[in-house]
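Structure first, commentary second.
The values are calculated or read from the model by the stated rules, or taken from the named source; none is laboratory data. Not measured: the values here are computed from a predicted model. With ideal geometry, Cβ positions are generated from the backbone for all residues, glycine too; neighbour counts draw on all protein chains shown.
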Amino acid sequence: MNAATLHDAWIAFAKPRIQARARSNRISSLGYRCVRRLVWDRLIGDLRPALPPEKAGIFAEGDLHEQAARRQMSSMGIDLIHVQREVVGPHNITGHIDGVIRDEDGEIVAEIKSVHPALWEKHRTLDDMLASSSPWIAAYPTQLCLYEYGVGTDRGVFVLRNKGTGQLRFVDCPRDENLVRASIDRAAYVEGWIGKLLPVLAPDRDRLHAFSVLAPEDWPTATPDAACQYCDYRGWACDLAALGREGGVSMLEDAELLEAAETMRRTAEAAGEHDRAKARLAEAMKARGPGVHFAGPVCGKVVSYTTTKHDIPADIKAQFARKESALRVTMSMEE
């Protein structure tokens, strides 16, 4: 046995993952913005191509991190109960919780998430998660609030495990009734589409043909975001160019650009640490006033300067205002 035979054994083990059609409105998905994806998961989810081993491995890795987090918490004296307990809600909502922590005040639903180191650093509070540029992380609070609703408690906590270091971060997530109500309404909307389209796409053996002749104007509304580039329905069940956003949505596939994107992903954590350290040093040096300040290998110079500002009455300023068209680029890294 050598490296080559071991690699062959791994390839045989890491088979593509066959995707199934969702039989209910899964709590883990109801936080996603795109309703079209939720409907397609219910109607034609099993028509998606199988996940290749490198993508299927992401789910397996998540399971390993979840098990590791539970062991870490047990070592801390915190044991989860009701692991993988099923919870249900109206409009065919279903899900399974990671576990419950019981204390003197009742039950706290725990949701374990393994997070890329760069994103782990960025998401320290519930507000950070709600405002996240990652559509997956932004959906997490909705997921946990629905679990709390299903369990019958108003308390929840995220257990965020750093994929790089194994560190745990705990973020409180009290039940938000607005998120719960919005998700229930979304599930009701999906059920309405199921009732409308399922008869058109039946029987099962004819679903692909029936779907192919279904007019796009009869499709549920799509909401484009960063998740589009990973969507299994892109190109055959969702026309990115017709999503209604200015300029549509496109995928950059030039090899040099993809290499640049990979470099951005690989260096994100170091760049973030650099910027945070620089800001902290700058604040400390500014507090010391003008002069030259040393902190180990870093030398900073603080100088005073004056700026000229003109207080122009608003009515006069408005007379000289003009609008110019420009392009603004915002980027985020998804994991």
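Things to note:
- Residue in the range 24-40 that is assigned to a strand (DSSP E or B), at pLDDT 90 or above and within 29 Å of residue 234 (Cβ to Cβ) present: yes
- Condition met for residue 255 (modelled with pLDDT of 75 or more and exposed (fewer than 10 other Cβ atoms within 10 Å of the Cβ)): yes
- The single residue among 75, 24, 28 that is in the same structural domain as residue 148 (by TED's automatic domain parsing) and more than 27 Å from residue 187 (Cβ to Cβ) turns out to be 75.
- Residue 106 over 25 Å from residue 230 (Cα atoms) and either in contact with a helix residue (DSSP H, G or I) (Cβ under 6 Å, 6 or more places away or on another chain) or modelled with pLDDT of 95 or more (or both): no
- Verdict on residue 295 being touching a helix residue (DSSP H, G or I) at 6+ places or on another chain (Cβ under 8 Å) and modelled with pLDDT of 75 or more: yes
- Of all residues in the range 69-92 being loosely packed, with under 12 Cβ neighbours inside 10 Å and in contact (Cβ under 8 Å) with a residue 12 or more places away in the chain, the one that is farthest from residue 24 (Cα to Cα): 81
- Neighbours by Cβ (under 6 Å, 6+ apart or cross-chain): first from the range 277-300, free of Cβ contacts under 8 Å to residues at least 24 places away in the same chain; second surrounded by fewer than 10 Cβ atoms within 10 Å (Cβ to Cβ) and among the basic types (Lys, Arg): 292/301
- Residue match in the range 112-120 (condition: outside any helix (DSSP H, G or I), closer than 22 Å to residue 95 by Cα and among the basic types (Lys, Arg)): yes
- Residue satisfying all of: in the range 93-111; among the charged types (D, E, K, R) and part of a loop (DSSP other than H, G, I, E, B); surrounded by the fewest Cβ atoms within 10 Å (Cβ to Cβ) among these: 104
- Close Cβ contacts (under 6 Å, 6 or more residues apart or on different chains) running from residues in the range 155-178 that are in contact (Cβ under 8 Å) with a residue 40 or more places away in the chain to residues that are among the charged types (D, E, K, R) and not in a strand (DSSP E or B) comprise 156/148.
- For residue 178: the one exception among (1) in a helix (DSSP H, G or I); (2) surrounded by 14 or more Cβ atoms within 10 Å (Cβ to Cβ); (3) modelled with pLDDT of 75 or more: (2)
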